[in-house]
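The values are calculated or read from the model by the stated rules, or taken from the named source; none is laboratory data. Every value quoted in this text rests on a predicted model; they were computed, and no experiment measured them. Here the Cβ positions follow ideal geometry from the backbone for every residue, glycine too, while neighbour counts run over all protein chains shown.
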Amino acid sequence: MATKPAFAPPTDAAISRRGFLMKLGILLNAVAASLVAVPVVGFLLSSITRGRANGYLSWVPLGKVSEFPEGETRLATFQNPYVMPTDGKTADTACWVRRIAGEQFQVFAVNCAHLGCPVRWFPQSALFMCPCHGGAYYRDGSRASGPPERGLFEYPYKIENGLITIQAGELPTPGAAIADLTAGKKPCVS
Amino acid sequence: MRIMSPLAKIGTWFDRRLQLAAPIREAAEHPIPRNTSSWWYVFGSAALTVFILQIVTGILLALVYVPSGAEAWSSLQALNHDITLGWFIRAMHGWGSNFMVAIVLIHMVQVFLFGAYKFPRELTWIIGVFLLLMTLGMAFSGQVLRFDQDAYWGLGIGASIASRVPILGSAIVKLMLGGPIIAGATLSRFFALHVFVIPGLLIGFVGLHVLMVLKLGINEWPMPGRIVKRATYVSEYHELTQKDGVPFFSYGAWKDMFFAAFIILAVAACALYFGPFGPSGRPDPTIIQTVPKPDYFFLWLYALLSLLPPSLETPVLLVGPVLAIAGLLLLPFLSGEGEKSWKRRPIAVLTVLLIAITLGTFTHLAGYTPWSPHMNAWISDPVPDRYIHHSTALERQGALVFQVKQCRNCHSLGEIGGQRGPALDSVAVRLTQDQLIRQVIQGGGNMPAYGKNLSPAETTALVAFLETLHPNGEPPARDASRDLALSDENQSGVKPPGVRLSGMKP
């Protein structure tokens with residue numbers, strides 16, 4: 001019979017030596033994990049950090065000013081400035097262009113200020129209506145009724161060489177940059 | 001010595017190396033209280049069955065599906081139309097998803113009403129809560145992978161909700177979408193969630209959940225008056241299974257087997273009969289002629305978001321889920337002991353009924369969305385003839401204004417039109433001429449103001465028409481004080497005493 005078990009009862013000295021190496025091993029792994037975590041976290045948060053340098057917003061042309069009759073509101077589409085090869089049609093975006101008079105415009109996001117469903121313009125009743133939860137807006141984008149707490153989101157625009165150009169690139173949500181640009185707008189300007 | 005059959009020999013060869021037969025037999029034949037071999041106890045295993053079905057059909061779909069914003073929709077069309085039985089596998093996966101949510105909810109209600117979450121099964125319940133959340137996460141992310149218009153705008157709704165988180169909102173949206181807009185990157189990350197992250201977690205948590213059922217034993221049939229106490233429960237349960245116990249296999253297991261087969265057949269039958277879900281229109285954000293709607297199990301939320309007062313919405317959306325989840329997680333600690341039987345727990349029963357009726361009502365409402373304008377009611381349905389019989393030219397002009405200004409997007413006439421505002425078939429009984437004019441011009445009570453959009457002549461005609469809308473024999477509402485004032489003026493020009501007028505104005 002074996003007089004000695006396979007695993008010898010450790011002496012105190014052995015504990016401190018093995019124990020030290022074990023702790024050192026754990027420490028080495030912790031260091032390795034933290035080092036690897038830096039690029040991993042950087043990768044995971046890249047969609048946020050890129051946006052922070054205003055990398056998403058840029059000026060996009062919608063078309064000639066003459067394409068938009070005065071006093072009318074028309075749907076325009078543009079391609080998002082930040083495009084990935086796998087985006088397909090989702091890179092396209094629609095917006096409502098209201099030409100008040102001359103070079104005076106309002107460009108609204110189609111996304112309802114409530115929860116982002118696409119609002120439709122009804123020229124006869126002069127209202128934007130949302131099919132989801134029943135939000136309605138006046139022709140100037142201000143809130144008319146329903147669950148939205150504010151008016152439609154507006155894109156900043158400028159006229160250059162006869163082209164109407166808007167600053168776009170982010171999904172308009174109550175938390176996005178575009179919301180801040182238009183948050184202070186007074187309702188009912190028309 | 002008996003000669004072993006070749007099959008048994010092979011079995012023995014493997015088991016000498018794997019050494020799994022004994023623990024499996026022990027698990028299968030563990031004693032359960034006799035009265036738990038009941039049809040009420042089949043829902044947990046049924047949820048596991050559907051989960052396995054989802055894994056199998058999911059892998060089959062992944063053989064064809066392309067998680068690319070540009071191609072996902074076309075690959076679903078190919079599955080539906082070009083690939084043999086692709087439609088059936090899609091239908092099985094879609095219906096399996098509905099069945100899984102339903103069975104998990106039924107299982108949870110049964111566990112709650114039978115007091116099975118009490119000591120010592122608190123952790124089993126808590127892991128169950130996480131399994132429910134992951135199941136809902138699978139349902140939502142699965143809806144995103146069906147990359148159609150509903151998926152696109154559903155993501156927009158998700159992003160709008162997330163953006164309301166204070167300070168971090170914008171960052172959370174970009175993290176969720178994988179970029180500044182809903183696009184290819186969004187689909188890719190939801191694919192990773194739906195196919196790797198959540199299923200991986202689900203498999204691990206399901207394993208723990210089942211392991212704990214085996215270790216702690218299935219909850220005994222609750223008897224009114226048999227009180228759970230931490231000090232005595234384990235020995236009482238032990239006695240129950242030793243004295244009156246039966247082996248799980250096959251006293252309880254055959255019912256699980258029957259129900260599992262029934263559920264698989266039910267999913268297949270629904271898949272065969274109803275077919276796959278969608279995809280609806282191509283996910284092209286420039287096509288705005290769409291009425292996005294979530295899948296069945298999120299319809300209640302869709303209704304809730306329409307009916308909440310605007311000012312309450314953000315707090316409810318952000319705080320509500322936290323409270324609900326915290327409540328579910330804390331439940332076994334708040335009532336870890338005591339009565340198990342639902343016959344002695346009226347508040348528990350009422351809570352379940354209240355939640356079920358609330359969710360059921362919201363889901364029902366979301367089926368016909370009375371809060372949404374009917375976006376084309378005004379084009380397809382003219383004002384019914386009977387409302388313009390014997391009418392004056394002015395009233396007919398008003399009927400025309402009514403049609404052209406799209407009043408019926410929100411108001412019904414002759415039962416056709418939106419339900420956003422009240423039906424107008426007898427509006428003249430409710431509102432006087434002055435009130436009608438005021439309501440049309442200024443709006444109010446959820447109606448937009450039309451003052452800027454109607455000329456005075458149009459308003460006059462419209463109100464003249466609205467005044468004709470009252471049932472035969474029921475006179476239109478009149479402002480009595482106005483009549484009085486007019487007649488007094490005609491008589492003598494003497495002002496009537498104020499006393500006679502008070503209380504007459506509406």
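Checking every residue in segment B:371-379 against the condition of being of a type in the set (Phe, Trp, Tyr), crowded, with 18+ Cβ neighbours inside 10 Å, farther than 30 Å from B:LEU301 by Cβ and touching a residue at least 24 places away in the same chain (Cβ under 8 Å) gives zero matches.
Being under 26 Å from B:TYR296 (Cβ atoms), touching a Phe, Trp or Tyr at 6+ places or on another chain (Cβ under 7 Å) and in contact (Cβ under 8 Å) with a residue 24 or more places away in the chain, is that true of even one residue in segment B:156-170? There is no residue in segment B:156-170 that is under 26 Å from B:TYR296 (Cβ atoms), touching a Phe, Trp or Tyr at 6+ places or on another chain (Cβ under 7 Å) and in contact (Cβ under 8 Å) with a residue 24 or more places away in the chain.
Which residues, taken from segment A:123-139, are under 17 Å from B:TRP371 (Cβ atoms) and either out of contact with any strand residue (DSSP E or B) (no Cβ under 6 Å at 6 or more places or on another chain) or within 7 Å of another protein chain (Cβ to nearest Cβ) (or both)?
We begin by selecting, within segment A:123-139, every residue under 17 Å from B:TRP371 (Cβ atoms); these are A:127-137.
Listed by number, the residues that qualify are A:LEU127, A:MET129, A:CYS130, A:PRO131, A:CYS132, A:HIS133, A:GLY134, A:GLY135, A:ALA136.
Within segment B:463-506, the only residue that satisfies the criterion of being at pLDDT 85 or above, in a helix (DSSP H, G or I) and among the β-branched types (Val, Ile, Thr) is B:VAL463.
Condition check: surrounded by 12 or more Cβ atoms within 10 Å (Cβ to Cβ) and away from every other protein chain (no Cβ under 12 Å). Does B:LEU308 satisfy that? Show your work before the answer.
Working: surrounded by 12 or more Cβ atoms within 10 Å (Cβ to Cβ): yes; away from every other protein chain (no Cβ under 12 Å): no.
So B:LEU308 fails the test.
Listed here are the residues, each with its yes/no results for (1) modelled with pLDDT of 90 or more; (2) assigned to a loop (DSSP other than H, G, I, E, B); (3) over 35 Å from the mean Cα position of the chain (by Cα); (4) away from every other protein chain (no Cβ under 11 Å).
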{"site": "B:ILE357", "(1), (2), (3), (4)": "yes, no, no, yes"}
{"site": "B:THR361", "(1), (2), (3), (4)": "yes, no, no, yes"}
{"site": "B:HIS364", "(1), (2), (3), (4)": "yes, no, no, yes"}
{"site": "B:PRO373", "(1), (2), (3), (4)": "no, yes, no, no"}
{"site": "B:ILE379", "(1), (2), (3), (4)": "no, no, no, no"}
{"site": "B:ARG386", "(1), (2), (3), (4)": "no, no, yes, yes"}
{"site": "B:ARG408", "(1), (2), (3), (4)": "no, no, no, no"}
{"site": "B:ARG420", "(1), (2), (3), (4)": "no, yes, no, no"}
{"site": "B:ALA428", "(1), (2), (3), (4)": "no, no, yes, yes"}
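Taking segment A:102-119, which residues are surrounded by fewer than 20 Cβ atoms within 10 Å (Cβ to Cβ) and either at the interface with another protein chain (Cβ under 10 Å from one of its Cβ atoms) or in a strand (DSSP E or B) (or both)? Give the derivation first.
Taking segment A:102-119 first, the residues surrounded by fewer than 20 Cβ atoms within 10 Å (Cβ to Cβ) are A:102-104.
Hit for segment A:102-119 is A:GLN104, nothing else.
Taking A:ARG150 as the residue in question, decide whether it is more than 9 Å from every other protein chain (Cβ to nearest Cβ) and surrounded by fewer than 24 Cβ atoms within 10 Å (Cβ to Cβ). Even if it seems obvious, please write down each step before you answer.
Values: more than 9 Å from every other protein chain (Cβ to nearest Cβ): yes; surrounded by fewer than 24 Cβ atoms within 10 Å (Cβ to Cβ): yes.
It is true that A:ARG150 is more than 9 Å from every other protein chain (Cβ to nearest Cβ) and surrounded by fewer than 24 Cβ atoms within 10 Å (Cβ to Cβ).
A:GLY63 satisfies every condition listed in (1) on the phi < 0 side of the Ramachandran plot; (2) touching a residue at least 24 places away in the same chain (Cβ under 8 Å); (3) of a type outside the set (Val, Ile, Thr) except (1). Scanning segment B:265-282 for residues that are surrounded by fewer than 16 Cβ atoms within 10 Å (Cβ to Cβ), out of contact with any Phe, Trp or Tyr (no Cβ under 7 Å at 6 or more places or on another chain) and assigned to a loop (DSSP other than H, G, I, E, B) yields one hit, B:GLY281. Scanning segment B:435-459 for residues that are over 15 Å from B:VAL404 (Cβ atoms) and part of a helix (DSSP H, G or I) gives B:GLN435, B:LEU436, B:ILE437, B:ARG438, B:GLN439, B:ILE441, B:GLN442, B:PRO456. The helices (runs of 4 or more DSSP H) found entirely in segment B:10-81 that carry 1 or more residues being modelled with pLDDT of 95 or more are B:43-62, B:72-81.
Among all residues of segment B:335-351, there is none that is touching a strand residue (DSSP E or B) at 6+ places or on another chain (Cβ under 7 Å), surrounded by 15 or more Cβ atoms within 10 Å (Cβ to Cβ) and not assigned by TED's automatic domain parsing to the domain that holds B:PHE298. Is segment A:92-115 home to any residue that is polar (S, T, N, Q), modelled with pLDDT of 90 or more, in the same structural domain as A:ILE164 (by TED's automatic domain parsing) and under 24 Å from B:ILE157 (Cβ atoms)? Yes, segment A:92-115 contains at least one residue that is polar (S, T, N, Q), modelled with pLDDT of 90 or more, in the same structural domain as A:ILE164 (by TED's automatic domain parsing) and under 24 Å from B:ILE157 (Cβ atoms).
Residue check: is B:PHE262 loosely packed, with under 15 Cβ neighbours inside 10 Å, away from chain A (no Cβ under 14 Å) and touching a helix residue (DSSP H, G or I) at 6+ places or on another chain (Cβ under 9 Å)? In short, yes.
Listed residues B:LEU202, B:LEU193, B:LEU175; which is of a type outside the set (D, E, K, R) and more than 14 Å from every other protein chain (Cβ to nearest Cβ)? Reasoning before the result, please.
Working: B:LEU193 fails: more than 14 Å from every other protein chain (Cβ to nearest Cβ); B:LEU175 fails: more than 14 Å from every other protein chain (Cβ to nearest Cβ).
Exactly one residue qualifies, and that residue is B:LEU202.
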